[in-house]
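Peer 1: Just passing along the structure, written as structure tokens.
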Amino acid sequence: MAVLENHDQAMALPHHHDVEQQRQSSCQEKEKSLDYSQRAQWLRAAVLGANDGLVSTASLMMGIGAVRQDIKAMILTGFAGLVAGACSMAIGEFVSVYSQLDIERAQMKRVKATGDDRESKEDGETERLPSPIQAAAASALAFSVGAVVPLLAASFIKQHKVRLGVVAAVASLALLVFGGVGARLGRAPMVRSCLRVLVGGWLAMAITFGLTKLIGSSGL
């Protein structure tokens, strides 16, 4: 009897091992079959929204810092950019998502009118769309998070030139972080994504600083 039990256990082990391999293989196939493009909505509202807040606010602060040396002017400019940008992002996201919902609902009505069997598919696509209010709130929050970074960096530094350098340095570091997070979530090349975001932020800050300095020195 002991021999038979050992034999049965020996026969069961390979079967159990095959089941585990099948489970692992199934999980790997599911992971490979994930469409990472479906993350575009919330990824754009989160990481890219924060990146927009960082770049626009830092650029505004660098621009005003090119013609004004007092810290109050720079902080007020950055804060105004934060509020205006967050409101703009929220309104834009709300209108965009609401328009998409209207399009999907109109399509569902046409499908029902023609008796097409794609109704369930259209229902599923509509359910996957984010709420306009939630999308607007997420976009405004993400923008604000990015915009706070240069504001905090400049708030405790009195020397003008040092303040400008710290804002640029902190913004550059945050750009690398946002670029890395975006690449990680979207399964994009890490180095290329970070460099693209960093260079774009540098260009925005440099152009804003240079043009504001030029206009300010011309006496306009």
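What follows is calculated from the coordinates using simple rules that are stated; it is not laboratory data. The model shown is predicted, which means the values in this text are computed figures rather than measured ones. As a convention, Cβ positions derive from the backbone with ideal geometry for all residues, glycine included, and neighbour counts pool all protein chains shown.
Peer 1: In which sequence would ILE75, ILE91 go, from the one with the fewest C-beta neighbours within 10 Å to the one with the most?
Peer 2: ILE91, ILE75
Peer 1: When the chain is fully extended, how far beyond the present Cα-Cα distance does ARG184 get from PHE79, taking 0.36 nm per residue of separation?
Peer 2: 34.8 nm
Peer 1: Just subtract the alpha-carbon distance of ARG68 and VAL166 from 0.36 nm times their residue separation and send over the number in nm, one decimal.
Peer 2: 33.7 nm
Peer 1: A further question on this structure: Rounded to the nearest 0.05, what FRET efficiency is calculated for LEU152 and CYS87 with R0 set to 25 Å and r the Cβ-Cβ distance?
Peer 2: My answer for the efficiency is 0.75.
Peer 1: Report the net charge of residues surrounding MET62, where surrounding means a beta-carbon distance below 14 angstrom and charges are Lys +1, Arg +1, Asp -1, Glu -1.
Peer 2: +4
Peer 1: For the range 143-220, give the magnitude of the charge dipole about the Cα centre (Cβ charges: +1 Lys/Arg, -1 Asp/Glu; no others), in debye to the nearest 20.
Peer 2: 120 debye
Peer 1: Excluding LYS213 itself, calculate the net charge of residues whose Cβ lies under 14 Å from the Cβ of LYS213, where each Lys or Arg counts +1 and each Asp or Glu counts -1.
Peer 2: For residues surrounding LYS213, the net value is +2.
Peer 1: I want to check the label-to-label distance for GLN159 and TYR98. Put each point 7 Å from Cα in the C-beta direction and report it in nm to one decimal.
Peer 2: With each label placed 7 Å out from Cα toward Cβ, I get 5.0 nm.
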